[in-house]
Amino acid sequence: MRQVSLFPAIVLALLVSAGLSAAHHDDIPDPPPLSVSQQLPTDLILDSGSVSVSGLSSGGFFAHQFHIAFSATVAGAAVLAGGPYACVEVIGNPFWPFTKLDRSSAAVVACTHYFGDRFWGLRPRPPAAKDARQLIDAAYRAGEIDNPANLADDRVWLFRGDLDEVVPAAVAGSLASLYNLLGIDEEDLHVEPGDPERPANHGMPVDSFSGESRFVPPDCAAHALPFVIECGYDAAELLLRHLYFEDSLEGPADPHNLGRLQAFDQTPFFQASRTDGMSDVGYIYVPDVCRSEECRLHVAFHGCRQNADAQGEDRIHDDFVRDAGYNRWAAANRIVVLYPQATASAGNPRACWDFWGYSGEGWRTREGVQMRAVAAMIKRLLG
């Protein structure tokens, strides 16, 4: 009887097995883990002078807030569908002109229109940039934030979709005016118009949604989960290009082949409470090259309901941390992307980042629980 060699079949099986293993080396389980033992890496080579932040919606408000409070650390910020510092504290009560609206109401009917644009039938005025500037100056005098003079040479990129009904145009305009008041000139402050032929709704624009999702990828004009919208361009590319003085970026590249998206334990960076709003698990994308060559650090804040640890039928899983467009540009341009994670908590059922004070005292200063936690993550990464 003729003997058939099994060697080719065994080799082929091993190659296929290795390929499948590599293809899933950084998969995130669904539902995702609620705790992990993996710590933030401490072996990365990072340029401490090129830390930048960005965020969408509540993450946009928070990215700006973090930029203001930690201006000695952060060199640039990109805000998508966000508003000015302490927006909820500068909204007047339409019934009593000399008093302020309570922060929770201001957050949902003035700084955003999450619950419409009326407070018991009357429309509050939008935030004024000069009022936000006064609060920034007062916070600095009180030693609560870094010197706002640090902001003058920073780079800022702003975007609000023309179809956005969540964050009013006047709120986004106030943010641009505030950065002007803080000394950022026209060359360094870019207000992105988007594509006039394809106006955007409230979401993170991407060229196309290439990953797997539990949802049909929304069109640019839609406001729907996972709030990553197909607009024919990557907002991540545009904002990173501006923040890092690049005429163009290399790529995009396959982030899976050139790096790793991994979970890490966030609990060492905050003291847990009913209101902290911090998930126990965060995520970070690390290009392989960043362990042997100098890289830059970008921090990306998700919007409400985009937290990776969400449960239930409307959970978006890893759609933001994997498919918001950052990783494919980071992989090709030596950029580490940190994805801190907020979670649902008392006063914050939709896992928004805190821009109205639900997490406790000092929420908009260096001492806020979320602000302090993210700053500590950055410090750990920089070494």
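General observations
- Checked against the criterion of being modelled with pLDDT of 95 or more, farther than 18 Å from L135 by Cβ and either in a loop (DSSP other than H, G, I, E, B) or of a type in the set (A, V, I, L, M, F, W, C) (or both), the candidates A78, A63 yield just one match: A78.
- The residues in the range 8-48 that are part of a loop (DSSP other than H, G, I, E, B), surrounded by 10 or more Cβ atoms within 10 Å (Cβ to Cβ) and either modelled with pLDDT of 85 or more or among the hydroxyl-bearing types (S, T, Y) (or both) can be counted, and the count is 17.
- When G383, G360, G368 are screened for being more than 25 Å from L239 (Cα to Cα), out of contact with any strand residue (DSSP E or B) (no Cβ under 9 Å at 6 or more places or on another chain) and surrounded by fewer than 18 Cβ atoms within 10 Å (Cβ to Cβ), only G360 passes.
- So L297, is it part of a loop (DSSP other than H, G, I, E, B), of a type outside the set (D, E, K, R), touching a residue at least 12 places away in the same chain (Cβ under 8 Å) and surrounded by 16 or more Cβ atoms within 10 Å (Cβ to Cβ): no
- Matching residues, the range 149-192, being closer than 18 Å to F245 by Cα and β-branched (V, I, T): V156, I184, V191
- Checked against the criterion of being in contact with a Pro (Cβ under 8 Å, 6 or more places away or on another chain), open to solvent by less than 20 Å² (accessible area, probe 1.4 Å) and in contact (Cβ under 8 Å) with a residue 40 or more places away in the chain, the candidates L163, L182, L151 yield just one match: L182.
- Restricting the range 81-134 to residues that are open to solvent by 50 Å² or more (accessible area, probe 1.4 Å) and assigned to a strand (DSSP E or B) leaves a set whose member that is modelled with the lowest pLDDT is P97.
The values are calculated or read from the model by the stated rules, or taken from the named source; none is laboratory data. Keep in mind that this is a model prediction, so the values were computed, not measured. Because the Cβ atoms are built from the backbone with ideal geometry, glycine has one as well, and the counts that use them run over all protein chains shown. Just so you know, the surface numbers come from the protein's heavy atoms only, side chains and all, with ligands and any DNA or RNA stripped out. Shrake-Rupley method; radii C 1.70, N 1.55, O 1.52, S 1.80 Å.
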